[in-house]
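The values are calculated or read from the model by the stated rules, or taken from the named source; none is laboratory data. Being a predicted model, the structure only gives us computed values, none of them experimental. Cβ placement follows ideal geometry from the backbone for every residue including glycine, while neighbour counts extend to all protein chains displayed. Remember, those area values only see protein heavy atoms, side chains included, never the ligands or the DNA or RNA. Shrake-Rupley method; radii C 1.70, N 1.55, O 1.52, S 1.80 Å.
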Amino acid sequence: MLLPRDASGRLTALVFRTAGASIVPIVATPALAVQLDVYGLLNVTLQNSDEATEEQVELQSNASRIGVKGSEPVSDGLEVIYQLEWGVDYDGASRDGDIYSRNQFVGLAGRFGTIKVGRHDTALKEAPGEFDLFEELEGDVGETFNGENRLGNYIGYSTPTFAHAFSATVNFFPDVDDPEADDGDTDGISASLTYQTERFYAAIAFDHDIDRDDVNTTRLAGGYTRGPAQLMLLYQHTAARDADGDGFGVSLAWTIGDATAKLQYLDADLWRTDPQPDPLDNLFEWSLSLGLDYALDEGTKLFGFYTTGEIGGTRESHRYAAIGLEHEF
């Protein structure tokens, strides 16, 4: 519906309605009713964190977020798309950074594909598809592999699906700030090619100067889904200034009714490409995660997980055991 305006043309009311799991505000313009999808995800765990230097029981917010997104036609076959998303850290420790930027962009979509500019995950980060069963938790791929980047100064293009199952994405990041580069900045490129059918998934992706200057990363992912089971594999090679590193991962999910059992193993020496001054801040050299999700409804689940891993370049380990609740709206 269109909302009434007063004599000066200002909005006199704002009404929200629901659309599926989303709340959609209807905002009036002179000639168009604009629909915004308001969405979010709340994920919190109560966990025992037994880390190398400390053990504690803590409440942890895991990449909880809220955002708005939408699209509007601007001409025949062309529409403007947009998204503004913020992370929300609500684990009880009020501090700077409780609200932070996630994917935020504006772009155009049409028969030619999609163009986005703003802040966004790189093509290499998105390439593994549904591989990461413990995304944003302690067993996240980014705890063992480099290349999990979300950057500003983003210019991205994605093709429409071609040859029935293929699609490609190219990202360009002009003047990525890198204090280690000779000129203080560098141009980064991330690109991927994916193949996806109902049962099969495969992707190859490449980063150049994304993590930092003179770092090149290649990532391969593939998977097969049949009935209740999904098996996926991940391989990565990173070449840096002074060291190369390889990583391998496997994830398996099995759904029975409302329950999903999950296993994920990651093994990598990629910490060698960016060793930290304090070795205890290095990435994992290997990690193993086991989990169980139980869906209460379409947007809500209870879950638990156990993750353990050895810190690269040390003999120290971290261990996490958690139960959690996730709600998506």
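Figure legend. Inter-residue proximity from the range 81-93: first residues at pLDDT 90 or above, second residues open to solvent by 40 Å² or more (accessible area, probe 1.4 Å) and among the basic types (Lys, Arg), beta-carbon distance below 7 Å, spacing 6+ or different chains. Indicated pairs: Tyr82/Lys69; Gln83/Lys69; Glu85/Arg65; Trp86/Arg65; Gly87/Arg65; Val88/Arg65.
When the residues of the range 104-161 are filtered to those that are basic (Lys, Arg) and closer than 28 Å to Gln60 by Cβ, which remaining residue is surrounded by the most Cβ atoms within 10 Å (Cβ to Cβ)? Show your work before the answer.
In the first step, residues of the range 104-161 are kept if they are basic (Lys, Arg); the result is 111, 116, 119, 125, 150.
Next, from what is left, pick out any that are closer than 28 Å to Gln60 by Cβ: 119, 125, 150.
Details: Arg119: 18, Lys125: 24, Arg150: 14.
Among those residues, the one meeting the criterion is Lys125.
Scanning the range 295-329 for residues that are more than 14 Å from Thr144 (Cβ to Cβ) and touching a Lys or Arg at 6+ places or on another chain (Cβ under 6 Å) yields Ala295, Glu326. Restricting to the range 64-78, name every residue that is under 26 Å from Ser101 (Cβ atoms) and either polar (S, T, N, Q) or surrounded by 15 or more Cβ atoms within 10 Å (Cβ to Cβ) (or both). Ser64, Arg65, Ile66, Gly67, Val68, Lys69, Gly70, Ser71 - these are the residues of the range 64-78 that are under 26 Å from Ser101 (Cβ atoms) and either polar (S, T, N, Q) or surrounded by 15 or more Cβ atoms within 10 Å (Cβ to Cβ) (or both). Among residues of the range 40-63 being closer than 30 Å to Glu310 by Cβ and within 16 Å of the chain's Cα centre (by Cα), the one that is surrounded by the fewest Cβ atoms within 10 Å (Cβ to Cβ) is Ala63.
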